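Input: a single structure, listed below in structure tokens.
The values are calculated or read from the model by the stated rules, or taken from the named source; none is laboratory data. As the structure is a computational prediction, the values presented were derived from the model and not from experiment. Backbone-built Cβ (ideal geometry, glycine too); neighbour counts: all protein chains shown. Calculation scope for accessible area: heavy atoms of the full protein, side chains included, ligands and nucleic acids excluded. Shrake-Rupley method; radii C 1.70, N 1.55, O 1.52, S 1.80 Å.
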Amino acid sequence: MTSEKPLNSGPFRVGDRVQLTGPKGRRNTITLEAGRQFHTHKGMIDHDDIVGRPDGSVITNSAGIDYLALRPLLVDFAMSMPRGAAIIYPKDAAQILAQADIFPGANVVEAGVGSGALSLWLLRAIGPEGTLTSFERRDEFADVARGNVATFLGTDPENWTITVGDLAEKLADAAAHASVDRVVLDMLAPWECLDVVSDALVPGGVLLCYVATVTQLSRVAEAIRESGNYTNPESSETMVRGWHVEGLAVRPEHRMIGHTGFLISARRLAPGAVLPELKRRASKSDFSADDVEIWTPGAVGERSVSDKVLRKRARIAEAGAAASKARGLGDSDSDVADDPDGAH
């Protein structure tokens, strides 16, 4: 008895996304199409010359320049996919999976979806037995996310749903009381959703919020404390510094991925439980209704994307999804190798 090969393995096929890396380390990601060509100012590569080659092949272009061809990893795909909104960087996604303790079979709620990068990480972590229920306020962002997820996975996941609308208004209809294991919020004002999130989370479940500014971090932390439904929140940020290692030339890279956002997490208390007061605790900072202006989209620097640009990115994502789905989940490597028109 033989098992099917994973979709993203084996020789390259039409519909595959391929990452081409040139001699200077520059990466270009393309979707293989029969009869198409990849052009640069220093030559071109026929897509047909890539189809049928094994992953990790070196392809020489028309000018004699070598390119390394690899299927993009999820981290590569997330950084190059069409974007509706700013993505959660892989360094933060990894910490979200760890700090929120996302596990196989978990029932997870996510808001907002953005471009679908975090959705892909969450879907991989929960596996086919888990469920991911995502909420997004804008149709255009939801369309981009659907296209990106289908492009990478080659199908529309059956255990993933996107609801277009406000989490505070829609969650009660989508999730029963105490039925959700983990909630991940990537939104401007997560404190507005604490009541419905608290009702949906199981006792001991994890709430994790991704916020961009210290003012947002402060307000959501105080809202979590004041709700009386959670453990004391823990906050962090993640920065990654690469290193240049070549022989004895070992030094930090000149550039690093610094601040992108803060993570703040807490666990749901059992109904009626009162959290023991900490012996040493910083005093709360008071704020009034007048201070709310500090956390408006304009004040925190939220960037808006024009409808025209969003529609274009949605079309690109949908086209990638269609090409990826066309490969077929049941295709085997032998099907490609036996195709005289596709193998080289």
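Counting only other residues whose beta carbon sits under 9 Å from that of Leu32, what net charge do I get with K and R as +1, D and E as -1?
Around Leu32, the charge tally is 0.
Can you give me the % of accessible surface on the stretch 205-263 that is carbon or sulfur? Probe 1.4 Å, all protein chains present, nothing else counted.
Ligands and nucleic acids excluded, carbon and sulfur give 54 percent.
If packing is taken as the average count of other Cβ atoms within 10 Å, what order do 47-53, 178-184 fall into, highest mean first?
Numbers: 47-53: 19.9, 178-184: 23.1.
Per-residue Cβ counts within 10 Å, averaged per peptide and sorted highest first, yield 178-184, 47-53.
Taking the Cβ of Leu118 as the center, what net charge do the other residues with Cβ under 15 Å away carry, scoring Lys and Arg +1 and Asp and Glu -1?
+1
Let me check the size of the stretch 160-232 from its C-alpha atoms; what are the radius of gyration and Dmax in Å?
12.0, 33
Taking the C-alpha atoms of the stretch 32-186, how large are the radius of gyration and the largest Cα-Cα span, Dmax, in Å?
Spelled out, the Cα radius of gyration and Dmax of the stretch 32-186 are 18.8, 63 Å.
For the stretch 58-135, take the convex hull of the Cα atoms, compute a quarter of its surface area, and give me that in nm², please.
6.8 nm²
How would Arg26, Arg124 line up by accessible area, probe 1.4 Å, largest first? Can you show the working numbers first?
Details: Arg26 170, Arg124 140 Å².
Result of the area sort, largest leading: Arg26, Arg124.
Taking 0.36 nm per intervening residue step and subtracting the Cα-Cα distance, what contour gain separates Arg311 from Ser62 on full extension?
86.1 nm
Which of the peptides 144-152, 79-87 is most tightly packed, and how do the rest follow, going by the mean number of other Cβ atoms within 10 Å of each residue?
Packing order, densest peptide first, comes out as 144-152, 79-87.
What length, rounded to one decimal in nm, is gained on full extension from Lys24 through to Lys91, with 0.36 nm per residue of separation minus their alpha-carbon distance?
Result for the pair: 21.7 nm of gain on full extension.
List the equivalent ellipsoid semi-axes of the stretch 114-258 in whole Å, largest first, each obtained as the square root of 5λ for an eigenvalue λ of the Cα gyration tensor. All intermediate terms of the calculation are to be shown ahead of the outcome.
Values: eigenvalues 183, 106, 43 Å².
Output for the stretch 114-258: semi-axes of 30, 23, 15 Å.
Give, as a single signed number, the net charge of other residues whose beta carbon lies under 9 Å from the beta carbon of Leu263, with Lys and Arg counted +1 and Asp and Glu -1.
Values: positive: none; negative: Asp92, Glu234, Glu237.
Combined, the nearby Lys, Arg, Asp and Glu give -3.
Could you give the length gained on full extension between Trp243 and Phe103, defined as 0.36 nm per residue of separation minus the Cα-Cα distance, in nm?
Taking Trp243 through Phe103 to full extension adds about 47.3 nm, to one decimal.
Take the Cβ-Cβ distance between Ala322 and Glu158 as r, set R0 to 22 Å, and report the resulting FRET efficiency rounded to the nearest 0.05.
Using R0 = 22 Å, I get an efficiency of 0.75.
Starting from the Cα of Thr215, move 7 Å in the Cα-to-Cβ direction to define the label point; list residues of the stretch 161-195 whose amide nitrogen is under 14 Å from there.
Answer for the stretch 161-195: 188-189.
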